[in-house]
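Participant: Quick one: the structure is below, questions incoming.
The values are calculated or read from the model by the stated rules, or taken from the named source; none is laboratory data. The structure presented is a predicted model; accordingly, all values stated were derived computationally and were not measured. Because the Cβ atoms are built from the backbone with ideal geometry, glycine has one as well, and the counts that use them run over all protein chains shown. Heavy atoms of the whole protein, side chains included, go into the accessibility calculation; ligands, DNA and RNA do not. Shrake-Rupley method; radii C 1.70, N 1.55, O 1.52, S 1.80 Å.
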Amino acid sequence: MDDPDFPILGTEPVAVEFANTRYGIGDDRVEFLGTARWIELWFTRVSAHHGLPPPGGAMGSETARVRALRDAVHQVLSATVDGQVPEPGAVDTVNAAAAAAPTHLRLDWTAGTPSAHRLDTTGGSAAVLGRIATCCIELVTRPHSSVLRRCGSPDCSLLFVGNHPRRRYCHPSCAHRDRQARYYRRHLTGATP
Ligand SMILES: [Zn+2]
């Protein structure tokens, strides 16, 4: 099987990128975490960018746990977008993953100014999934300076954080595709009585 072209936006918090691996709706759904190899590949692509603990081959042996948390994070973020309350089971799954990987702050004050670093108290897949779960909780509970949205293109289901009030699409390519589609629809409507 070829390596997939993952829907990684590169601009979003890790919980949003994680949710977006459940791509599409209904029959058009693509499971981007469908195999152990794809799971390993996805984490390899995103880990450094998001400062996750190095997965070190631990994720591919946890396919069921990885997908269960992904589905729960997707459910919680989608409910936020739709202004609904997520299923309690999804909230429980996110909380369990966050609780399995507590972190603590470490004060460093060797030079002139103090700085804090967040340290994991566990390693492996629990630490990686815990970071994502914590990111999800922080994202949906922080004040609405930024708003979680779903891409405005009808054939795209990606979630993103709308830091700009006018941003309606996950990526400029979706905006372009949607403009083209609307242009053709108008053209067709004009030509057909
Ligand atoms: Zn899109």
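Participant: Measure nothing but the geometry: give the 0 to 90° angle between the long axis through the Cα atoms of 88-99 and the longest principal axis through the Cα atoms of the chain, rounded to 10°.
Facilitator: Value to nearest ten degrees: 40.
Participant: Also: Roughly how many percent of the accessible protein surface of region 26-175 is carbon and sulfur, given a 1.4 Å probe and a whole-percent answer?
Facilitator: 55 percent
Participant: Find the relative contact order for the chain and round it to a whole percent, using C-alpha pairs within less than 8 Å whose residues are 6+ positions apart. Working shown, then result.
Facilitator: Details: 262 pairs, mean separation 37.7, N = 193.
For the chain, the relative contact order is 20 percent.
Participant: Determine the shape class of region 1-111: with a ≥ b ≥ c the square roots of the Cα gyration tensor eigenvalues, call it rounded for a/c under 1.5, and otherwise prolate if a/b is greater than b/c, oblate otherwise.
Facilitator: Note, shape of region 1-111 comes out oblate.
Participant: If you add up the charges near VAL128, with Lys and Arg at +1 and Asp and Glu at -1, over every other residue whose beta carbon is less than 11 angstrom from its beta carbon, what do you get?
Facilitator: 0
Participant: Calculated FRET efficiency, VAL147 and TRP109, Cβ-Cβ r, R0 41 Å, to nearest 0.05?
Facilitator: 0.65
Participant: What translational diffusion coefficient, to the nearest whole µm²/s, does the chain have by Stokes-Einstein, given a Kirkwood radius computed over alpha-carbon pairs, a temperature of 10 °C and 1.306 mPa s viscosity?
Facilitator: Translational D for this selection: 87 µm²/s.
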